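Below is one structure, written out as structure tokens, with a few remarks after it.
Derivation of every value follows stated rules applied to the coordinates shown; laboratory data play no part. Please read all numbers here as calculations on a predicted model, not as lab measurements. So basically every Cβ, Gly included, is an ideal-geometry build from the backbone, and we count neighbours across all protein chains shown.
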Amino acid sequence: MTTGTLITVAPTGAESAKAQVPALPVTLDELLLTAKECEALGASVIHVHIRDDEARPTLDQGRLRETVAALRDGTDLIVQLSSGGAVTDPEADRLAVLDAAPDMASCTMGTVNFGDDVFLNRWEFIVDLHTRMQERGILPEYEIFDLGHLTALQRLLDRHGLPHGGHVHVDFVMGVPGGMPGTTATLVAAQQMLRDLPAGTTFSATGVGRSSIAVLLAALSAGGHLRVGMEDTVTYAKGRPVESNMQLVARAVGFAQLAQRPPLTTTEARRLLGR
Ligand code: KMH
Ligand code: ZN
């Protein structure tokens, strides 16, 4: 049955530099303001990467805890911390993200070439992330950069059991140079592979860069949910830089309403994800 649309905003990421993308929210105040405005527009989940005083990506424990507390205080958004960090972050720091006790955390299901870099996700590391989240009651969002990552997810769940609460939610991150392309055909192929996962598995999708609109439309028509934000998209249209995360959330909300799948409220999103 087609439901409303869960909209996740990924406002910052670890890849863009503030100097090149001045609208990127990098301070806690900027992040909180963005979060409040995106929630008011229809976002129900926030995927969070944080920055240090020089706007460089960081996994600093104190800052992560402060960020989770501020988002909980100021919004009703479901707080999802990135355990992916930046491609240079060590595994120990990525695991320690869970100590900040978010509602959700990302869990990338395999290694992928990432432009000129490699985003490394060893099997044992994935198992560690998954089982620690099970123990602590944190819901994973399984990040799928390539179709084989879905096979790895099936293997993970077979061997190590369902996440805490039993709901499986995946996010197709499409169009990364080195990963699966951001096309309708690929999204449909990925969706077909969900048949091998537990009944009730939900998916969202995001298309990086130019693939963002194609993926958004394909996800909506396929019954999927949406992730949008400046982590993935910094150009709104040819020659037009994104002005704010709100602009991207507003566009997603508009498309979701046209598709007669309006944004889920945070309460509805919590029900869907079992949070
Ligand atoms: N920054 C990328 C290397 C995640 O948040 O879990 C990884 C990423 C995925 O953004
Ligand atoms: Zn991320």
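Of all residues in segment 239-254, none satisfies being surrounded by fewer than 16 Cβ atoms within 10 Å (Cβ to Cβ) and among the hydroxyl-bearing types (Ser, Thr, Tyr).
The residue of segment 76-93 that is farthest from ligand 1 (Cβ to nearest atom), among those that are crowded, with 21+ Cβ neighbours inside 10 Å and part of a loop (DSSP other than H, G, I, E, B), is Leu77. Contact map, segment 102-114: first residue without any contact (Cβ under 8 Å) to a residue 12 or more places away in the chain, second residue within 10 Å of ligand 1 (Cβ to nearest atom), Cβ cut-off under 6 Å, separation 6 or more or different chains; pairs are Thr111/Leu120; Thr111/Asn121.
Of the residues examined, Asp196 is not one that is within 16 Å of ligand 2 (Cβ to nearest atom) and either over 25 Å from Ile78 (Cβ atoms) or in contact (Cβ under 8 Å) with a residue 60 or more places away in the chain (or both).
Do you know which of the residues in segment 41-59 that are more than 16 Å from ligand 2 (Cβ to nearest atom), touching a helix residue (DSSP H, G or I) at 6+ places or on another chain (Cβ under 9 Å) and of a type outside the set (Ser, Thr, Tyr) is farthest from Leu6 (Cα to Cα)? Out of the qualifying residues, it is Asp52. Please state which of the following conditions Ala86 fails to meet, knowing it meets all the rest: (1) within 14 Å of ligand 2 (Cβ to nearest atom); (2) among the hydrophobic types (A, V, I, L, M, F, W, C); (3) in contact with an Asp or Glu (Cβ under 7 Å, 6 or more places away or on another chain); (4) more than 16 Å from Gly229 (Cα to Cα). Of (1) within 14 Å of ligand 2 (Cβ to nearest atom); (2) among the hydrophobic types (A, V, I, L, M, F, W, C); (3) in contact with an Asp or Glu (Cβ under 7 Å, 6 or more places away or on another chain); (4) more than 16 Å from Gly229 (Cα to Cα), only one is false for Ala86: (3). Scanning segment 94-150 for residues that are crowded, with 20+ Cβ neighbours inside 10 Å, more than 13 Å from ligand 1 (Cβ to nearest atom) and of a type in the set (Gly, Ala, Ser) yields a single hit, Ala100. All told, Gln80 meets the bar of being of a type outside the set (A, V, I, L, M, F, W, C), under 26 Å from Gly62 (Cβ atoms) and under 17 Å from the mean Cα position of the chain (by Cα).
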